[in-house]
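Right, one structure below, let's go through it.
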Amino acid sequence: MKKAFIAILTFLISTIFPLASVSAAGADIDMSIYPSETLAEAFQEDAINFDFNTSDYDEADTTGKTIMYVFRKDGCGNCKNFLQFIADDLLPNYADKFVVKSFEVSNNPINMNLVSRLAKFYGQESANGTYGTPIVVAGSTFSTGFVDTARQAEIKSVITSGDTYNAVTVINQGVTSFEAGSKTNFSANGVTFTSNTGLNSNFHLKADPVDKSGVKLAGYDYIAAYDISIYNYATVVELTGGSYKITLPVSKTYDTYRVVYINAAGQIAEEFDTEAGKGTITFTTTHLSDYAVYGRNGSAVNNVNNPKTADPIMIYGGIFAVSLIALAGGVIAYRKLNKRQ
């Protein structure tokens with residue numbers, strides 16, 4: 001009865017007052033217009049048994065907790081499996097660290113409007129307007145469809161980390177992109193990353209050494225390579241529209257350094273000028289991926305670790321030897337000429 005009433009009400013609102021829905025899409029998110037249910041009600045509808053009376057779970061208390069927005073459909077097997085995961089794992093172990101706000105999206109255009117707003121904010125808006133359920137927003141993470149073991153582990157990591165990021169609150173503060181934030185500097189494995197705009201403070205840098213020695217750059221020696229990415233927990237963040245300065249450590253000394261972007265096909269797709277520092281080189285890019293560092297001395301390749309000491313000595317020694325030979329030849333020729341006279 002409750003479901004039927006809500007479905008009729010939302011249908012009338014979306015049919016009779018379409019302009020209200022349009023204007024709401026461009027304004028703050030007013031959660032009071034989105035029909036929701038408690039986690040206990042969601043469990044009851046899917047016949048999941050859990051005794052909330054003996055649990056530390058508190059539906060009303062959201063202070064310092066990870067808020068999970070869960071959108072599901074009636075009769076959705078994936079949705080029931082996810083709710084069972086909450087009952088079997090999250091509630092017994094982390095009941096006092098999270099709160100679930102459950103929404104039905106079956107025949108509910110208002111709740112689907114909220115889904116679309118959140119998906120767009122996280123950069124995961126559907127091209128055709130359809131989404132796999134359940135749709136799960138947990139702190140600063142977003143996913144649709146089957147919640148596999150990797151996503152379950154990520155959700156537990158979010159909860160235990162104390163991630164209280166709330167997309168609804170952030171959107172209402174005027175932030176239009178999930179990536180936005182105040183953190184500009186990241187580091188990992190001796191690699192530093194600086195963004196020209198603030199990024200989400202939950203992000204972290206991964207800079208894993210990789211072997212790209214088989215990729216050759218004409219006239220240069222291969223030094224090292226890194227797979228560089230920004231992550232939000234276990235998910236890679238596809239950064240776009242910014243400028244990113246990356247500083248890499250270098251273990252060899254050369255006159256000139258060059259950084260290249262190596263694409264998925266294992267080919268050099270882009271080259272970058274660098275600025276050399278003390279044991280480091282820095283370059284600027286607009287995207288992240290696999291980057292390799294190369295070096296050279298003058299115009300020729302030299303594999304000596306410290307070529308700046310050896311090369312001038314060899315050159316000067318050669319010039320001196322040639323000079324001696326020329327001088328000796330001149331003396332001999334002069335003497336022969338005097339004897340003839």
Practice task
Return a yes/no flag: does segment 169-176 have any residue that is open to solvent by 70 Å² or more (accessible area, probe 1.4 Å), within 25 Å of E125 (Cβ to Cβ) and without any contact (Cβ under 8 Å) to a residue 12 or more places away in the chain.
Solution key: yes
Handout entry: Residue that is under 18 Å from the mean Cα position of the chain (by Cα), free of Cβ contacts under 8 Å to residues at least 24 places away in the same chain, within 16 Å of I67 (Cα to Cα) and not in a helix (DSSP H, G or I), where the choices are S182, S187, S143
Key = S143
Problem - Filter result (more than 31 Å from the chain's Cα centre (by Cα) and under 13 Å from I159 (Cβ atoms)) within segment 57-91 - result: Y57
Completion exercise
Residue pairs within 7 Å by beta carbon, gap of at least six or interchain, first lying in segment 122-139 and touching a residue at least 40 places away in the same chain (Cβ under 8 Å) and closer than 16 Å to N108 by Cβ, second open to solvent by 90 Å² or more (accessible area, probe 1.4 Å) and charged (D, E, K, R), listed first then second, are none
Practice task
Kindly indicate whether A264 is open to solvent by 70 Å² or more (accessible area, probe 1.4 Å) and in contact with an Asp or Glu (Cβ under 6 Å, 6 or more places away or on another chain).
Solution key: no
Exercise for the section: May I ask you to list the residues in segment 178-198 that are crowded, with 17+ Cβ neighbours inside 10 Å and at pLDDT below 95? Expected result: F178, E179, G181
Problem - Members of segment 123-167 found to be open to solvent by 50 Å² or more (accessible area, probe 1.4 Å) and of a type in the set (F, W, Y), listed by number - result: F146
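Rundown of residues vs (1) part of a strand (DSSP E or B); (2) touching a residue at least 12 places away in the same chain (Cβ under 8 Å), yes/no style:
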| site | (1), (2) |
| --- | --- |
| Y226 | yes, yes |
| S229 | yes, yes |
| E238 | no, yes |
| G242 | no, yes |
| I246 | yes, yes |
| K252 | no, yes |
| Y257 | yes, yes |
| Y261 | yes, yes |
| A264 | no, no |
Exercise for the section: With respect to D61, determine if the residue is in contact (Cβ under 8 Å) with a residue 40 or more places away in the chain and within 17 Å of L39 (Cβ to Cβ). Expected result: no
Fill in the blank from the handout: When restricted to V304, V259, V236, the only residue modelled with pLDDT under 95, farther than 30 Å from T141 by Cβ and in contact with a strand residue (DSSP E or B) (Cβ under 9 Å, 6 or more places away or on another chain) is V304
Exercise for the section: Any chance you could count how many residues in segment 267-283 are touching a residue at least 24 places away in the same chain (Cβ under 8 Å), within 25 Å of the chain's Cα centre (by Cα) and open to solvent by less than 70 Å² (accessible area, probe 1.4 Å)? Expected result: 5
Completion exercise
Residues of segment 236-258 being open to solvent by less than 50 Å² (accessible area, probe 1.4 Å) and under 21 Å from the mean Cα position of the chain (by Cα), in sequence order, are V237, L239, G242, S243, Y244, I246, T247, L248
Problem - Residues (surrounded by fewer than 10 Cβ atoms within 10 Å (Cβ to Cβ) and assigned to a loop (DSSP other than H, G, I, E, B)) located in segment 47-65 - result: A47, N49, D51, A60, T63, G64
Practice task
Determine whether segment 73-81 contains at least one residue that is out of contact with any Asp or Glu (no Cβ under 6 Å at 6 or more places or on another chain), buried (at least 20 other Cβ atoms within 10 Å of the Cβ) and either outside any helix (DSSP H, G or I) or in contact (Cβ under 8 Å) with a residue 60 or more places away in the chain (or both).
Solution key: no
Practice task
Could you check, for segment 121-138, whether at least one of its residues is under 19 Å from the mean Cα position of the chain (by Cα), among the acidic types (D, E) and over 19 Å from T66 (Cα atoms)?
Solution key: yes
Handout entry: Boolean, S229 is surrounded by 15 or more Cβ atoms within 10 Å (Cβ to Cβ), under 17 Å from the mean Cα position of the chain (by Cα) and of a type in the set (G, A, S)
Key = yes
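The values are calculated or read from the model by the stated rules, or taken from the named source; none is laboratory data. Nothing here was measured: the structure is a model prediction, and the numbers come from that model. Virtual Cβ from ideal backbone geometry, glycine too; neighbours counted across all protein chains shown. Accessible surface is based on the protein model in full, side chains and every heavy atom, while ligands, DNA and RNA are left aside. Shrake-Rupley method; radii C 1.70, N 1.55, O 1.52, S 1.80 Å.
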